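Before any comments, here is the structure.
The values are calculated or read from the model by the stated rules, or taken from the named source; none is laboratory data. Predicted model only: the values in this text are computed from it and were never measured. Virtual Cβ from ideal backbone geometry, glycine too; neighbours counted across all protein chains shown. All accessible areas refer to the heavy atoms of the entire protein, side chains included, with ligands and DNA or RNA removed. Shrake-Rupley method; radii C 1.70, N 1.55, O 1.52, S 1.80 Å.
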Amino acid sequence: MADMEVGVMMSVGWTMEQIHQIRDLGFINIQISAPPEEILKDQSKKRELIDCLTDSGLKVTTVFVGFAGESYADIPTVVETVGYLNPDSRSDRVGKTERISDFANELGVDKVAAHVGFVPEDPTDPAHQPMVDAVGSVADHCKANGQAFSLETGQETAPALLHFLETLGRDNVKVNFDPANMILYGSGEPIEALGIVAEHVISVHAKDGKWPTAEGQLGKEFPLGQGDVGMGKFVAKLQEIGYRGPLTMEREIPDWNQKVNDLVAGKALLESLM
Ligand code: MG
């Protein structure tokens with residue numbers, strides 16, 4: 001793969017038809033959200049999907065973990081529903097993550113990534129150690145599969161994320177850096193944040209967005225170049241830190257045709273900046 005080759009994140013609910021459309025637009029690499037449990041738990045359905053993905057000719061660089069019941073409506077809802085923070089769903093979700101890691105392994109993918117949920121900024125917070133244990137456990141499962149486990153940025157500041165990585169102390173726990181999420185969650189200026197976690201970044205999302213305007217709310221995602229990230233600064237900073245992996249565009253809107261138009265425009269923008 002060429003350095004900083006532009007790719008696409010296929011969000012929850014993607015179809016093979018959409019993957020073929022992305023390929024036919026000239027993309028070579030994608031990240032995918034994990035398939036649902038009914039496929040992960042059914043050997044023949046899982047095999048069929050792996051064969052279809054392999055035959056597509058696209059390179060899957062990362063499989064993203066996701067769970068039923070997650071909602072990104074506002075920050076309190078994210079705290080309640082996303083990742084491993086809620087003790088009611090934690091062990092079930094650790095098990096599902098292991099099935100996703102095994103699926104990725106069968107697909108030949110060496111990176112698994114997740115929104116793990118808000119990591120408490122204060123390491124003495126009683127919710128901190130259970131997060132260390134849960135993420136440590138899934139990271140060890142990934143390690144046995146020869147995989148990195150990456151944490152998606154945004155839900156904590158870069159110094160808190162760095163401290164969490166140091167506490168985990170595992171060499172296969174890495175960062176999927178999403179500059180827009182730093183803005184959407186109000187977690188810090190993204191270019192500065194990228195510098196802080198630079199040595200741990202193994203994949204990135206090219207996504208744009210604007211800062212939140214009310215307490216407890218998330219900011220708003222925008223097409224690449226129309227938000228507050230500064231795509232020129234982002235690409236320049238990636239070059240400065242020596243990042244060479246793909247630039248995986250993520251456009252999280254429900255309208256597929258609009259999404260495709262924005263991805264095509266985004267690819268042209270990114271390529272003009274390199
Ligand atoms: Mg992202």
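Extents of the range 45-191, taken as max minus min of Cα coordinates on every principal axis and listed largest first, are 45, 30, 29 Å.
Can you give me the Cα centroid spacing of the range 116-135 and the range 1-68 in angstrom? Result: 30 Å between the Cα centres.
Counting only residues at least eight positions apart within a chain, or on another chain, the lysines with an alpha carbon under 21 Å from that of residue 174 are 59, 96, 111, 143, 207, 237.
Highest GNM mean-square fluctuation among 249, 16, 231, for the chain modelled with Cα contacts below 10 Å: 16. Residues in the range 144-155 carry Karplus couplings, in order, of 5, 8, x, 10, 8, 10, 9, 9, 6, 7, x, 7 Hz; the curve used is 6.51 cos²θ - 1.76 cosθ + 1.60 with θ = phi - 60°, and Gly or Pro positions show x. Toward the positive end of the charge dipole of the chain, with +1 on the Cβ of Lys and Arg and -1 on the Cβ of Asp and Glu, the farthest Cα among 104, 67, 234 is that of 104. Close amide-amide hydrogen proximity is noted between residue 206 and 248, 249, 250, each under 5 Å apart and 5 or more residues distant or on a separate chain (H modeled in the peptide plane; Pro and chain starts excluded).
Each peptide in 222-229, 203-210 was scored by the mean count of other Cβ atoms within 10 Å over its residues; highest first, the order is 203-210, 222-229.
Of the listed residues 124, 248, 213, the order by accessible area with a 1.4 Å probe, largest first, is 213, 124, 248. Annotation: aspartates and glutamates with alpha-carbon distance below 19 angstrom to residue 267 (same-chain offsets under eight excluded): 3, 5, 24, 178, 208, 221, 228, 250, 252, 255. How large, in Å, is the chain by the Kirkwood hydrodynamic radius built from its alpha-carbon pairs? Evaluated over the chain, this radius sits at 18.7 Å.
For residue 173, nonlocal amide neighbours, meaning residues 5 or more places apart or on other chains whose placed amide H falls under 5 Å from its own, are 149. Our coupling estimate for the range 179-193, obtained by passing each phi through the Karplus curve with A = 6.51, B = -1.76, C = 1.60 and θ = phi - 60°, is x, 5, 4, 4, 6, 4, 8, x, 9, x, 4, x, 5, 5, 4 Hz, Gly and Pro reported as x.
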